[in-house]
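Report on the structure given below.
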């Protein structure tokens, strides 16, 4: 059943077409800390990644992203990029997950806060104030 799922879906792992293309035309260039494997064809003009688990582009490190987009000719497995001491490690994109950032006052916040910087307009109260004047 898993092979049928791989034949028709692309969001859970590599498809059969990608696997066949990789077996036929690709050679392994390297692997990153998350277990993603990187390939290129013999001519070197096509580069791709096979994700280890969830297919999420933010799981590709900046070094490998640069190599995939032909910014760097030499892959990070052969010549790692120099990092500065002020650089933070890359983080996954958490949008749409329970760990996503939610600003204060958002409807998606776990605890709604009441705002004290204004009072809401109520039509009945406004009419009473007008009729009393």
> Exposure proxy check: 92, 116 ranked by fewest other beta carbons within 10 Å?
Replying inline: 116, 92
> Rg to Rh for the stretch 48-121: what is it, with Cα atoms only and Rh by Kirkwood?
Replying inline: 1.22
> What's the FRET efficiency of residue 91 with residue 16 using the Cβ-Cβ distance as r and R₀ = 22 Å, to the nearest 0.05?
Replying inline: 0.10
> FRET efficiency for residue 101 and residue 52, Cβ-Cβ distance as r, R0 = 22 Å, nearest 0.05?
Replying inline: 0.30
>> Give me the extension gain from residue 65 to residue 121: residue separation times 0.36 nm, minus the current Cα-Cα distance, reported in nm with one decimal.
In response: 15.0 nm
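Computed from the coordinates by the stated procedures, all read-outs in this text should not be read as laboratory data. Everything quoted here is computed from the prediction, not taken from an experiment. All Cβ positions, glycine included, derive from the backbone under ideal geometry; neighbour counts span all protein chains shown.
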